[in-house]
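Let me begin by presenting the structure, written as structure tokens, before commenting on it.
The values are calculated or read from the model by the stated rules, or taken from the named source; none is laboratory data. These numbers come from a predicted model, not from an experiment. Note that each Cβ is placed from the backbone with ideal geometry, even for glycine, and that neighbours are counted across all protein chains shown.
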Amino acid sequence: MTGTGPHGDPAEDPAGPDDTAAETDGPAEPTEPVDASEPEMTDTTETTAQTTGATAAPGPEADAPEEFEGPRRRARRERAERRAARDRAMAIEQARREAKRRAVAGALDPTKSVPRNTIRGLKVLMWSALVSVLAVALGLLLYFTPIMSARNVEVSGLAEIPQEEVLTAAAVAPGTPLLQVDTDAVAERVATIRRVATARVQREYPSTLKISIVERVPVVVKDYPDGPHLFDRDGVDFATGPAPLALPYLDADNPGPNDPATRAALDVMMALPPDVAAQVGRIAAPSVASITLTLIDGRVVVWGTDDRTQEKALKLAALLTQPGTTYDVSSPDLPTVK
């Protein structure tokens, strides 16, 4: 549309040639209708407004009633809420992992670890307890089972005593576990045999019980109505029967281990050298202060008291090389021969 200007020139159309072309250029591209009541806001703007609490500038629309929430706004709000919930869950999980990492790092911190000596002590204690338990278990196994039982009983040191007498006195049942054998009790039972001076019982694993015997050795003999009785160095009357050859006879009123005269006579016999003791045929001890020896060839030795016995024995061995019938060593400082 044209007009005439003030000087008669045609006036330009305010729309211009471009607008005319736009109107004639084919059908316009369809556009999505815009809801004038829902001004479009980005997620960033909405989130910022929620977090910062910003309000719109006062204006004519400030007094308007609250706008209706459309589907798009609701969808954006739900997406924002889901993202916030997801971020919160991730933050909680991250905090939990960090706390766990700090706890593990603290447990492995060498400055807070258990001292090495403490660990070594705990190991020693643990192994000691284990060894103790195994030892107890093994002991119970050996004590209550016949794995190591007394299958053999060995007796040593016998000369005059029959072995069957010792086994009978020991009274150890075959197959008895060695740990159940009371060795002291067995030794005491064996020691009740008159000829036994000492008895020792030992376990020899896996299955042997060993009994060691020391028999009494006769030193003097004394005649009794039922026959000669043998006495050992302690004055114990341990046997009745024939006296061994060259064994001196004892003349004492009450011979026995508790009789002082008997003990004095026996001390004299044990102090004599073997070649001199073999020459003694009789020893008389009516008291401790009047001991007399009678040799096999009839010579007499006046011994006197039982003091300085060793010195008297040495002087007598020298005096017997001299001829005589009576040898007096009652005073070893002045021995005499008659």
| query | Does THR262 qualify as being polar (S, T, N, Q) and either in the same structural domain as GLU160 (by TED's automatic domain parsing) or assigned to a strand (DSSP E or B) (or both)? | reply | no
| For region 311-332, what are the residues that are closer than 18 Å to ALA271 by Cα and in a loop (DSSP other than H, G, I, E, B)? | LEU320, VAL329, SER330, SER331, PRO332
| remark: Within region 178-202, residues being buried (at least 16 other Cβ atoms within 10 Å of the Cβ) and assigned to a strand (DSSP E or B) number 5
| request: Kindly provide the set of residues from region 213-234 that are in a strand (DSSP E or B) and of a type in the set (Lys, Arg), ordered by number. | output: LYS222
| remark: Screening ASP306, ASP333, ASP297, ASP328 for residues that are acidic (Asp, Glu) and within 15 Å of ASP275 (Cα to Cα) leaves only ASP297
| request: For region 155-169, name all the residues that are in a helix (DSSP H, G or I) and touching a Leu at 6+ places or on another chain (Cβ under 8 Å). | output: VAL166
| field | Residue match in region 257-275 (condition: β-branched (Val, Ile, Thr), closer than 14 Å to ARG233 by Cα and touching a strand residue (DSSP E or B) at 6+ places or on another chain (Cβ under 9 Å)) | value | yes
| query | From the list GLY281, GLY304, GLY298, which residue is in the same structural domain as ALA246 (by TED's automatic domain parsing) and touching a strand residue (DSSP E or B) at 6+ places or on another chain (Cβ under 6 Å)? | reply | GLY281
